[in-house]
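K.L.:
Quick one: structure below, then a few questions.
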Amino acid sequence: MKNKLADFSISLILVAITISSLTSCMSSRPWGEMTIIEDPKVEIKEYVSFNTKLDDVYVFDVKSSGIRAEEGYSNESGAVGLVGKGYNNSLYYSGSDGIKNFIFVKEGSETELKLFPSDVFIYKYQFQQQDERYSFSHKLNIYAVIKSDTNKDKVLSSRDNIALYVSNYDGTGLTEISPSIISFELIDKNQFLFTEHDGKTLSFYAYNTETKTRTLIKSVEQEISEKRISMH
């Protein structure tokens, strides 16, 4: 009996070590990485799912199985999944197809608006937050978007250029703020800060979501180590 208990305890320890190693591996890799599926034998499925309601507007995700999460892909709901090279072997969440567009539908209207005219990979996003009790409330939707495989490695990830966009809560007025950002964070009500790097100089910009203006705060000659896109 003691030997069986000892064997069982050793098995539990090995499982714990395996999970710990997997978690460590996940945390050391890019936050969201999407493999582009180009195999003609793989059927690409696209579908629409409800995301949220913003005031009088319903927001829907447009997802595609043609881009699949390779590790740690998460969306605003916090769901996380693991899939490899287009094959769904998720440990936590199977709905890991990539969001490639949003559709906005006005309440009481049959009119709908697709956010991007051409599909992209919406890497991260933050819808407007009007609650004044929220320290970083802001009046615009914000999107971190990977438009193409800029480094030609067949993967859409943070290693590619990440463009920064904003729009009104209903998807109108879509505007590109930057073609390639290094970092992003909300820093105050109606204000966020982002950086750009031209290969030599790192520039810090503040953007006011109320006045829709961008201001250069500081530039410094500095190398960069990784991108940090902090959206919830």
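The values are calculated or read from the model by the stated rules, or taken from the named source; none is laboratory data. For clarity, every value in this text was computed on a predicted model and none was experimentally measured. Cβ coordinates were reconstructed from backbone atoms using ideal geometry, including for glycine residues, and neighbour counts include every protein chain displayed. Quick note on the areas: whole protein, heavy atoms, side chains included, nothing else; ligands and nucleic acids left out. Shrake-Rupley method; radii C 1.70, N 1.55, O 1.52, S 1.80 Å.
K.L.:
Quick check on Val166: is it aliphatic (A, V, I, L, M), in contact (Cβ under 8 Å) with a residue 40 or more places away in the chain, out of contact with any helix residue (DSSP H, G or I) (no Cβ under 8 Å at 6 or more places or on another chain) and part of a strand (DSSP E or B)?
P.N.:
Spelling it out, Val166 is indeed aliphatic (A, V, I, L, M), in contact (Cβ under 8 Å) with a residue 40 or more places away in the chain, out of contact with any helix residue (DSSP H, G or I) (no Cβ under 8 Å at 6 or more places or on another chain) and part of a strand (DSSP E or B).
K.L.:
Follow-up question, since we're still on this one. Just one of the numbered conditions (1) of a type in the set (S, T, N, Q); (2) open to solvent by 20 Å² or more (accessible area, probe 1.4 Å); (3) assigned to a strand (DSSP E or B) is not true of Ser180; which one?
P.N.:
(3)
K.L.:
Then there is this: Are there any pairs, at least 6 apart or on different chains, whose C-beta atoms fall under 6 Å, with the first in the stretch 137-159 and free of Cβ contacts under 8 Å to residues at least 12 places away in the same chain and the second open to solvent by less than 10 Å² (accessible area, probe 1.4 Å) and in a loop (DSSP other than H, G, I, E, B), and if so, which?
P.N.:
Here the result reads Thr150/Asp160; Asn151/Asp160, each pair linking the stretch 137-159 to a residue that is open to solvent by less than 10 Å² (accessible area, probe 1.4 Å) and in a loop (DSSP other than H, G, I, E, B).
K.L.:
Please go through the stretch 158-177 and give me each residue that is touching a Ser or Thr at 6+ places or on another chain (Cβ under 9 Å) and open to solvent by less than 20 Å² (accessible area, probe 1.4 Å), ordered by number.
P.N.:
Those that are touching a Ser or Thr at 6+ places or on another chain (Cβ under 9 Å) and open to solvent by less than 20 Å² (accessible area, probe 1.4 Å): Asp160, Ile162, Ala163, Leu164, Val166, Ser167.
K.L.:
I would also like to ask the following. I need the full set of residues from the stretch 151-184 which are out of contact with any strand residue (DSSP E or B) (no Cβ under 6 Å at 6 or more places or on another chain) and of a type in the set (D, E, K, R), in order please.
P.N.:
Lys152, Asp153, Arg159
K.L.:
While we're on this one: Which pairs turn up if I take residues in the stretch 185-200 that are more than 19 Å from Tyr125 (Cβ to Cβ) and part of a strand (DSSP E or B) and look for partners that are modelled with pLDDT of 90 or more and of a type in the set (Asp, Glu) with beta carbon separation below 7 Å, at least 6 apart in sequence or on another chain?
P.N.:
From the stretch 185-200, no pairs qualify.
K.L.:
What are the residues in the stretch 41-65 that are modelled with pLDDT under 90 and either touching a Pro at 6+ places or on another chain (Cβ under 6 Å) or in a loop (DSSP other than H, G, I, E, B) (or both), if any?
P.N.:
Lys41, Val42, Glu43, Ile44, Lys45
K.L.:
Looking at Gly108, Gly95, which one is over 15 Å from the mean Cα position of the chain (by Cα), at pLDDT below 95 and either more than 27 Å from Pro179 (Cβ to Cβ) or in a loop (DSSP other than H, G, I, E, B) (or both)?
P.N.:
When all the criteria are applied, what remains is Gly108.
K.L.:
Working only within the stretch 106-154, note down all residues that are open to solvent by 30 Å² or more (accessible area, probe 1.4 Å) and among the β-branched types (Val, Ile, Thr).
P.N.:
Thr111, Thr150
K.L.:
Please work out which residue is least open to solvent (accessible area, probe 1.4 Å), limiting yourself to the stretch 208-232 and to residues that are at pLDDT below 90 and hydrophobic (A, V, I, L, M, F, W, C).
P.N.:
Looking at residues that are at pLDDT below 90 and hydrophobic (A, V, I, L, M, F, W, C), I get Met231.
K.L.:
A follow-up question, please. Report, by residue number, each residue of the stretch 185-221 that is among the polar types (S, T, N, Q) and closer than 19 Å to Asn161 by Cβ.
P.N.:
Selection gives Thr195, Thr201, Ser203.
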